[in-house]
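**Student:** Got a structure for you, questions after.
The values are calculated or read from the model by the stated rules, or taken from the named source; none is laboratory data. If you're wondering where the values come from, they're calculated on a predicted model, not measured in any experiment. Cβ placement follows ideal geometry from the backbone for every residue including glycine, while neighbour counts extend to all protein chains displayed. The area values use the complete protein model at the heavy-atom level, side chains included, leaving out ligands, DNA and RNA. Shrake-Rupley method; radii C 1.70, N 1.55, O 1.52, S 1.80 Å.
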Amino acid sequence: MSSEDGEQDDWAATQTATDVETGESSRSPGFLQKLQSASSTISLILSPVAIVLVSLWVSNESMGGGGVSWSEGDAKRVFNWHPVLMIVAYAIMNIAALIFRVSGTSSYQTSTRGISEAGTKRRGTIKAIHGYVWVACFLIGMVAMLAVVKSHNDAVSGYIANLYSLHSWVGVLVMSLYTLQLFVGIFAFGGLMGGTNRFAVPSLMEIHKYSGAVLHLLITATILLGIQEKEGFVQCWYEVTEADLIPIQNYGKIPSACKISHGLGLVVLLMGVFTSFALARFPVL
């Protein structure tokens, strides 16, 4: 037996037992696994909630008059495409990140040995969906970044500097890491490196899953930075004439657009937390 075979067997031995007919785990889920399942469900429910909130946010009058546009001279509403598309991409990426977990085909839930042809085919279908959704998110993200460039370089509305904020710097870095993750995934697990599959499963697969989870958190943080930056332009504050010791009493003074963006930020944060927990690898207790 080669060292590679031994590595494969050792890796497979750490996985839960698998039903040979379905390819799914036959062990009863432990307490943490049940919590992970609940976290996945909550995060998936929050995905459309985030899309609804960002739609309400950009529709507010404070957001450049409300709504979206792609016309020259309407830079503020052209920019509104950026948060809308980024949140849409984040929401469907969240689904792609959790699809192996919720379908019971994660390598943390199944073994690489003893899986039937039906089980293998099912996992292949899920893997294809995962990959296609990530490609779709990449394309949506590119259009979202183009919206920023277009709105900042509008001769009619007036020019605005590019890449001056922390959000923009972090955003470019995270998008670059996302692109790297996407292409490595396509080449390593999309059938283009079939001869290295035995190596890819125990090695590249673990790196791919780790970097994917980290990327999800980085994207979450980047979105929160973007919301915070935009709230500054919207002027998310209120005037006070004395010490604001009980802020809740002045809740009504917060601009409506800011209340929506605050809610959006909290939803995005919760999605990041619940998805991160759902993707973690815990022992069955």
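**Student:** Would you tally the residues in segment 225-243 being over 23 Å from Arg77 (Cβ atoms) and surrounded by 12 or more Cβ atoms within 10 Å (Cβ to Cβ)?
**Tutor:** Summing the residues that are over 23 Å from Arg77 (Cβ atoms) and surrounded by 12 or more Cβ atoms within 10 Å (Cβ to Cβ) in segment 225-243 gives 2.
**Student:** Follow-up question, since we're still on this one. Name every residue in segment 153-172 that is open to solvent by 30 Å² or more (accessible area, probe 1.4 Å), touching a residue at least 24 places away in the same chain (Cβ under 8 Å) and closer than 25 Å to Ser211 by Cα, in order of residue number.
**Tutor:** Of the residues in segment 153-172, the ones open to solvent by 30 Å² or more (accessible area, probe 1.4 Å) are 153, 155-157, 159-164, 166-167, 169-170, 172.
Narrowing further to those that are touching a residue at least 24 places away in the same chain (Cβ under 8 Å): 155-157, 160, 166-167, 170.
Passing the criteria: Leu166, His167, Val170.
**Student:** Look through segment 244-261, keep the residues that are among the β-branched types (Val, Ile, Thr) and closer than 22 Å to Gly232 by Cβ, and return whichever of them is surrounded by the most Cβ atoms within 10 Å (Cβ to Cβ).
**Tutor:** In the first step, residues of segment 244-261 are kept if they are among the β-branched types (Val, Ile, Thr); the result is 246, 248, 254, 260.
Then drop every residue that is not closer than 22 Å to Gly232 by Cβ, which leaves 254, 260.
On the way: Ile254: 14, Ile260: 21.
Here the answer is Ile260.
**Student:** Taking only segment 262-276 into account, find how many residues are among the hydrophobic types (A, V, I, L, M, F, W, C) and open to solvent by 60 Å² or more (accessible area, probe 1.4 Å). First the steps, then the outcome.
**Tutor:** Of segment 262-276, the ones among the hydrophobic types (A, V, I, L, M, F, W, C) are 264, 266-271, 273-274.
From what's left, open to solvent by 60 Å² or more (accessible area, probe 1.4 Å): 266, 269-270, 273.
Adding up the residues that qualify gives 4.
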